[in-house]
Amino acid sequence: MSFIWYLLIGLAAGWIANLIVKGDSSGLIINLIIGLIGGFLGGWLVSFFGWFPVGTVGTFISSVIGAVVLLLILSLFTRRSAKS
């Protein structure tokens, strides 16, 4: 059951991070992947600053933070040139 719970938290975190960074959704699978990778990245980042996420809310917040950071890093490498 906890595996399904991690998937749901990752999906929600990826969706919210997409709304924060891009303003629209990228799709179910992409949001899930972004959220899961963001969960690992967020857990590492917040523990680096001395905060260890506890419980569902802490895990969700750290996952959103990690997913936003991941999307910002990815946007540096995938910028498209503006058309005039």
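Coordinate-derived values only; no laboratory data. Quick caveat: nothing in here was measured; it's all calculated off a predicted structure. So basically every Cβ, Gly included, is an ideal-geometry build from the backbone, and we count neighbours across all protein chains shown.
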> Could you give the Stokes-Einstein D for the chain in µm² per second, using the C-alpha Kirkwood radius, 20 °C, 1.002 mPa s?
Replying inline: 167
> Given a cut-off of under 8 Å on Cα pairs at least six residues apart, what relative contact order in percent is computed for the stretch 25-74?
Replying inline: 46
> Which whole-number percent is the relative contact order of the stretch 6-52 (Cα, under 8 Å, 6+ apart)?
Replying inline: 41
> Sorted by packing (mean other beta-carbon atoms within 10 Å per residue), highest first, where do 55-66, 40-51 land?
Replying inline: 55-66, 40-51
> When only C-alpha pairs under 8 Å and at least 6 residues apart count, what is the relative contact order of the chain, in percent?
Replying inline: 32
